[in-house]
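The values are calculated or read from the model by the stated rules, or taken from the named source; none is laboratory data. Just so we're clear, the structure is a prediction, and the values are computed from it rather than from any experiment. Methodologically, a virtual Cβ is constructed for each residue, glycine included, from the backbone with ideal geometry; neighbour enumeration extends over all protein chains shown. Just the protein is used for accessible areas: all its heavy atoms, side chains included, with ligands, DNA and RNA removed. Shrake-Rupley method; radii C 1.70, N 1.55, O 1.52, S 1.80 Å.
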Amino acid sequence: MTGLGPGHDDIKQSMVDNFAWLIRETGHVPNANRTYYLSRSQPPFFFAMVGLLSPGDEAAAWADYLPELKAEYAFWMQGAEDLMESNAHARVVKMPDGHLLNRYYSNTQTPRAESYLEDITTAEESGRNPEELYLNISAACESGWDFSSRWFADPNKMTTIQTTEIIPIDLNALMYNLEQTLANARRFAEDTKGAKALEAAAAARKDAIDAWLWDDSKAT
């Protein structure tokens with residue numbers, strides 16, 4: 001989409017409107033436009049796409065799509081309010097210090113329709129609980145990194161896939177930007193209270209990223 005210049009504004013608008021419709025219909029942007037992809041999302045890039053509609057005034061564009069942005073955020077944060085420390089629900093993880101971070105997940109624990117035989121074979125070879133394996137495979141598909149060895153306990157064996165046990169820095173960077181986007185959009189819409197709440201959420205996530213996803217010893 002970034003390669004589309006001013007002469008393609010209609011295409012950019014149509015793409016954003018299509019994703020907005022999907023969010024209104026399903027609560028998220030499915031992995032692809034098939035019914036069997038409804039159990040998993042695309043990574044939350046929708047806010048960035050909306051911003052490209054009006055590069056000179058991103059907040060105005062975000063405000064136009066505020067309902068869809070709020071719905072996508074709610075999808076990724078589902079269950080956060082009831083989480084106890086050191087626990088997880090769907091795509092949200094509550095860390096031992098109380099901070100909230102996100103992970104990739106899936107709403108199904110069955111073989112993927114598009115790779116049914118491959119998933120059953122992988123499960124048989126793994127010796128693991130099949131439902132657990134299917135969940136982790138589908139969660140990796142949600143990330144778009146399917147299949148990178150970043151999700152494997154043994155980088156040479158897909159049977160060791162453990163996507164839901166990993167808190168990815170890239171996903172949480174997207175969520176941080178989504179929270180900042182929602183704060184800006186709400187402020188533009190004169191929702192001061194809502195803007196402050198999202199600003200606080202973004203600040204808390206930044207602290208969590210620094211605390212849990214950064215290693216000073218590896219900084220260059």
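Averaged over its residues, region 143-220 has an accessible area of 57 Å² per residue, based on protein heavy atoms and a 1.4 Å probe.
For region 78-176, the set of GluC sites (Glu not before Pro) satisfying both a DSSP loop assignment and a count of at most 15 other C-beta atoms within 10 Å is given as 85. Shown here: Rg and Dmax of the Cα atoms in Å, derived from the displayed model; of the candidates (1) 18.5, 56; (2) 16.6, 50; (3) 23.9, 78, it corresponds to (1).
With a 1.4 Å probe and every protein chain kept in, tell me what percent of the accessible surface of the chain is carbon plus sulfur.
Values: 5940 of 11540 Å².
Solvent-exposed carbon and sulfur of the chain make up 51 percent of the total.
Total lysine pairs in the chain at Cα distances under 25 Å, for residues eight or more apart or on different chains: 12.
When the chain is treated as a Gaussian network with alpha carbon springs shorter than 10 Å, the biggest mean-square fluctuation among 113, 59, 139 belongs to 113.
Quick one: if the Förster radius is 25 Å, what FRET efficiency do residue 13 and residue 33 give, using the C-beta to C-beta distance and rounding to 0.05? Write down the numbers at each step before the final one.
Details: r = 18 Å, r/R0 = 0.73.
Calculated value: 0.85.
I'd like to know which of 166, 204, 95 lies farthest towards the positive end of the charge dipole of the chain, counting +1 on Cβ of Lys and Arg and -1 on Cβ of Asp and Glu. So the residue furthest toward the plus end is 204. Taking amide H as placed 1.01 Å from N in the peptide plane, the amide H of residue 87 sits under 5 Å from that of 94, each at least 5 places away or on another chain. Between the amide H of residue 161 and those of 153, distances stay under 5 Å, these residues lying 5 or more places away or on another chain, with hydrogens modeled in the peptide plane.
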